[in-house]
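The structure appears below as structure tokens.
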Amino acid sequence: MAAAGSPPLVGASPLLSLLPPPRKRAAIPRAAVSASASASGRAKAYSYQLREGQFRRFHRLPSGLAIEVIFQEAQAAAAEEGLRNPPLVFIHGSFHAAWCWVEHWLPFFSDSGYDCYALSLLGQGESDVPSGAAAGTLKTHTSDVADFIRKEVRSPPVLIGHSFGGLIVQSYISNMTHSYSSKQPSLSENLVAHPLLAGAVLVCSVPPTGNSGLVWRYLLTKPIAAIKVTLSLAAKAFANSLPLCKETFFSMTMEDHLVLKYQELMKASSKLPLFDLRKLNASLPVSPPAKGTVKLLIMGASDDFIVDTEGLQETSRFYGVQAVCVEGIAHDMMLDSRWEKGAQTFLSWLQELQRDQVS
């Protein structure tokens, strides 16, 4: 049951915590928020305002820490007759949080008949901040996503990941499909750990080998671009330069006041690096999945300043799936000035996926 005065989380499991955000356990303290901060205290440190029909809740992980969940219910009239739409679970990348999906894609897919959940990984958005120099590892972030799906999502979802969030989705697929194809007695336990998906979508995703190939390619072929990317991301120069932030994440047609808005949200919502990149790259590539056990959409952007065409094709070859490159759009496909193009491409794939499942 929802707490008095709290809107219900329609379509979600009652297990989803409706408590105020929990106290941090062995966590890095935030200067502006005490360890016993209430939800209103968190809002002072992170000011993204939800739209009508969107609700913010917190899912408590086995560690005791909590991750932010923003939910928007499907508009029932929009669901295609005779088809049961899968829920959608969105995972952000570095310097972002749940808000990056909430701005455009959650309303779009809710209006199209899909329950939508956008998660903020630990150390991002309003999620708790763990101790240590990085928010987690590929394994821990993947486990956190799996814990949420296992406990809070009633039917197999489509899992969507952007940029480094796409690498988390790839890790999830690898764990899920290896469990599915395993002949070991522990099969049932493995499947419970990583529940089956209805499908998965990689949006401007880091390739399965990580970002090292991208970096070296830029250094050898585009040295000026390599310097800009390094300054923008590794040195976080995007946070203090509107032109660099625009070039890194958005199309040149993006209005400056929107770039400034998202730049401020990026600065406010990323408390820790998502990964220790050296440790991450040492753990890659992800294991190839068992063939044919999950439907996959790989989407790239023609004007992506971070993941180049070769990076997109690397992911395509790894999974044996033809990638779709959306023209006239940049890395932050879900926020860019032509965000509808990516959303519509994804929606068309979803509708085809569902027709295949009922045919």
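The values are calculated or read from the model by the stated rules, or taken from the named source; none is laboratory data. Fair warning: this is a prediction, and the values are worked out from it, not measured in the lab. Here the Cβ positions follow ideal geometry from the backbone for every residue, glycine too, while neighbour counts run over all protein chains shown. Heads up: the accessible areas ignore ligands, DNA and RNA and are worked out on the full protein's heavy atoms, side chains in. Shrake-Rupley method; radii C 1.70, N 1.55, O 1.52, S 1.80 Å.
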Sort out which residues of the range 152-178 are assigned to a helix (DSSP H, G or I), within 24 Å of residue 60 (Cβ to Cβ) and modelled with pLDDT under 95, and write them in order of number.
-> 175, 176
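Going through 297, 312 one at a time, which residue ends up being outside any helix (DSSP H, G or I), within 17 Å of residue 200 (Cβ to Cβ), touching a strand residue (DSSP E or B) at 6+ places or on another chain (Cβ under 6 Å) and at pLDDT 95 or above? Please lay out each step first, then the result.
Working: 312 fails: outside any helix (DSSP H, G or I).
Selected residue: 297, the only one of 297, 312 that is outside any helix (DSSP H, G or I), within 17 Å of residue 200 (Cβ to Cβ), touching a strand residue (DSSP E or B) at 6+ places or on another chain (Cβ under 6 Å) and at pLDDT 95 or above.
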Scan 90, 95 and give me the residue that is under 18 Å from residue 202 (Cα atoms), among the aromatic types (Phe, Trp, Tyr) and assigned to a loop (DSSP other than H, G, I, E, B).
-> 95
Would you mind stating whether residue 323 is buried (at least 23 other Cβ atoms within 10 Å of the Cβ), of a type outside the set (Phe, Trp, Tyr) and modelled with pLDDT of 95 or more?
-> no
(1) open to solvent by 30 Å² or more (accessible area, probe 1.4 Å); (2) free of Cβ contacts under 8 Å to residues at least 60 places away in the same chain; (3) of a type outside the set (Ser, Thr, Tyr); (4) within 30 Å of residue 132 (Cα to Cα) all hold for residue 245 apart from (1)
Taking the range 150-171, which residues are closer than 15 Å to residue 281 by Cβ and surrounded by fewer than 24 Cβ atoms within 10 Å (Cβ to Cβ)?
-> none
Verdict on residue 291 being touching a helix residue (DSSP H, G or I) at 6+ places or on another chain (Cβ under 6 Å), charged (D, E, K, R) and surrounded by fewer than 19 Cβ atoms within 10 Å (Cβ to Cβ) = no
So which pairs qualify, if the first residue must be in the range 324-345 and without any contact (Cβ under 8 Å) to a residue 24 or more places away in the chain, the second must be not aliphatic (A, V, I, L, M), the Cβ gap must be under 8 Å, and the two must be at least 6 apart or on different chains?
-> 341/327; 341/328
May I ask you to list pairs of residues, at least six apart or on different chains, whose Cβ atoms are under 7 Å apart, with the first in the range 95-117 being closer than 21 Å to residue 331 by Cβ and the second being among the aromatic types (Phe, Trp, Tyr) and part of a helix (DSSP H, G or I)?
-> 104/339
Considering only residues that are part of a loop (DSSP other than H, G, I, E, B) and within 16 Å of the chain's Cα centre (by Cα), look in the range 194-207 and name the one that is farthest from residue 289 (Cα to Cα).
-> 204
Among the residues of the range 197-205, is any modelled with pLDDT of 90 or more and either open to solvent by 50 Å² or more (accessible area, probe 1.4 Å) or charged (D, E, K, R) (or both)?
-> no
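Out of the range 269-280, which residues are more than 14 Å from residue 212 (Cβ to Cβ) and either in contact with a helix residue (DSSP H, G or I) (Cβ under 7 Å, 6 or more places away or on another chain) or of a type in the set (D, E, K, R) (or both)? Full working, then the answer.
As a first pass, look at the range 269-280 and keep what is more than 14 Å from residue 212 (Cβ to Cβ): 269-274.
Within the range 269-280, 269, 271, 274 meet the criteria.
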Looking only at the range 267-279, which residues are surrounded by 21 or more Cβ atoms within 10 Å (Cβ to Cβ) and assigned to a helix (DSSP H, G or I)?
-> 269
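When the residues of the range 248-265 are filtered to those that are of a type in the set (Asp, Glu) and touching a residue at least 12 places away in the same chain (Cβ under 8 Å), which remaining residue is least open to solvent (accessible area, probe 1.4 Å)? Break it down stepwise before answering.
To start, the set of residues in the range 248-265 that are of a type in the set (Asp, Glu) comprises 255-256, 264.
Adding the requirement that they be touching a residue at least 12 places away in the same chain (Cβ under 8 Å) leaves 255-256.
On the way: 255: 105, 256: 79 Å².
Top of the filtered list is 256.
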Take residue 191 and decide whether it is modelled with pLDDT of 70 or more and either closer than 20 Å to residue 311 by Cβ or not β-branched (Val, Ile, Thr) (or both).
-> no
